[in-house]
Every structure is written in structure tokens, then in C-alpha cells.
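Take a look at the structure below.
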Amino acid sequence: MMLSEIDQRVQNLMWDIQKRTLQRMKESYDVDLKTSYKDLVTTVDKENEQYLNQQLRKIDPSAQIISEEGYGDRVKSLNGHVFIVDPIDGTMNFVMQHRNFAIMVALYVDGKPTYGYIMDVMNGELYHGGNGTGVFVNDRQINAPANNNLHDSLMVVNAGLTIDGGHNVREVERQARGLRMYGSAGIEMIYVVTGRIGGYLSYLKPWDLAAGMVLAKELGLVVKGIDEQSVDVLSSNLVLVATKQVTDDVLELVN
Ligand code: 2AM
Ligand code: CA
Ligand code: CA
Ligand code: CA
């Protein structure tokens, strides 16, 4: 199957899962703790992941799947087609706020960020694109954001990092035009891609990063690991997603 055909079918799947999730929110679901009271998983996370993985396997039977809640494959290399799935990103927001959460899927081909999908469920907005086709919100193509510097940009910095103040992030926050936190890597990535935020600094797992990295790169934004510089989507890193100017400014300050 052609990549463009896979893309169309995954877009349809993202609308399917959006409708299912809205419907599911009307019923009751269990909330469990994973590592602590700050780290939740619900029945809906698990159901979404099982459904997405099952449908993705129908779309592309040869693909491997990396996903957060344990229904994926044990993927050791990015050879061939690899889907990376976050069935609910911002589970805490899903439980506490019933908004500001996303569903994310990405397709990597031989390690290359190829297609990204971020569904803002409550706003009914699918941010998608890649593979040289541009980035779209539903059917509307969006432009690359202006190359603003730190002084002229709002920044998102991961809450844990802000609290402990590591890597000299307080200086980044001081110099930025303002600081924001939304509690969903997917929503925060959407904000960088649309230029509402100049840069996003956070510890990200593969499923937090994969889709946003495709969209950010497609628009010429920079995705960089603070420690290793180049980002490996498979390993958990402190990652900066930002305009070129914000990247230069932040890299001068963080350590
Ligand atoms: P999640 O909801 O899919 O777990 C919250 O600040 C953001 O960080 C969310 O995008 C959340 O994704 C992500 N995150 C990654 N690891 C986390 C953890 N151990 N605990 C809470 N949120 C985490
Ligand atoms: Ca989680
Ligand atoms: Ca996540
Ligand atoms: Ca998740």
C-alpha cells in the first residue's frame, strides 16, 4: 500500500477514535495509579490503545507498534514501518478537566519521521501531515510559524523541571515573554507547531514525542535533545521543540 493511502486511512481512524472517546466519556470508567498519585491510567487509555493497535494492524500488517500501555510490540529497532501510539495524552487532564488531552499516532519509516497525527479530542481538531505534504488542521493547511526569539516568545516548560529548577531552566523562564503549562505534550506540541508557543522543553517518552516531532520538522522547527543534541525517538530525553531562534537562545542558557 502507498504511504499516502496509509495516511488517509490513519486520518479516518483518528476521527473514529475521537468519536469513540467522546461517547465513552459519557459512561463510567476506572482510574488506576501507575507509579504514583500523579501518574494515572484509565480504562479508556487501555481500550483506546487496544482499538488503535488493532486497526493499525489492519491498515498496515507489516508494521510494528510502540505504545504506552502495553498492547504494542517489543520494538528494538526502527527498521521498516513503525507506528508510535499514545492512546490518551494528558490522562490527568482527561480525568480532572475533561479537556486538554490528545490522542497521538505517528508513522516512522526506517527511522524517518514520516506522518504525525495529534487529535485534540474536545475541540475536534486533527493536526496531521508530514512526508513533504505540509501540516494541516483538519483540511486547512497551516504555515510555518514566525522565527521568533526567546524574548518575544511564550515558553512551555515541563512542570517537574520548573519545580526543581534543573538545567538552569529558571533563566529560560525569566527571559521568555511568558511561561505556560497545559499538561499534555500533544496539546503543547500543537501550540508550538501553530506558533502560539515559541518553544517547549520537557522530558518526553517516544509516544509523547513521535507525532509532534513529525509535524514540527515538517514546518522547519527544531527538535533537539538537551543532553545528546540529536533526538532518538526510542529513548526518553529532555527535548526542546522550538523555533530556530528560540533554540539558539535556550541552548545558550540551559546546561
Ligand atoms: P500521558 O498523559 O500520556 O502520561 C503531563 O505533563 C504530560 O507529560 C502528558 O503529556 C503526559 O503524558 C506526559 N508524561 C510523561 N511521563 C509522565 C509521567 N511519568 N507522569 C505523568 N505524566 C507524564
Ligand atoms: Ca501515562
Ligand atoms: Ca503522553
Ligand atoms: Ca498516554
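The values are calculated or read from the model by the stated rules, or taken from the named source; none is laboratory data. Everything numeric in this text was worked out from a predicted model, so none of it was measured. Using ideal geometry, Cβ is built from the backbone for each residue, glycine included, and neighbour counts are taken over all protein chains shown. Each accessible area value is taken on the protein alone, full model and side chains, heavy atoms only, with ligands, DNA and RNA left out. Shrake-Rupley method; radii C 1.70, N 1.55, O 1.52, S 1.80 Å.
One table, with the values for the structure above:
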{"item": "The chain, accessible surface, carbon-and-sulfur percent (1.4 angstrom probe)", "result": "45 percent"}
{"item": "For the chain, calculated [θ]222 nm from helices alone, where every DSSP H run of n ≥ 4 adds -39500 (n - 2.57)", "result": "-11000 deg cm²/dmol"}
{"item": "Å² per residue, accessible surface of segment 119-255 at 1.4 Å", "result": "42 Å²"}
{"item": "Long-range lysine pairs (8 or more apart or interchain), the chain, Cα under 21 Å", "result": "19"}
{"item": "P(r) tail fraction, segment 102-255 - alpha-carbon pairs more than 18 Å apart, %", "result": "52 percent"}
{"item": "For segment 57-75 and segment 180-251, distance of Cα centres in Å", "result": "24 Å"}
{"item": "Highest average packing first - 163-172, 230-239, 192-201, Cβ atoms within 10 Å", "result": "192-201, 230-239, 163-172"}
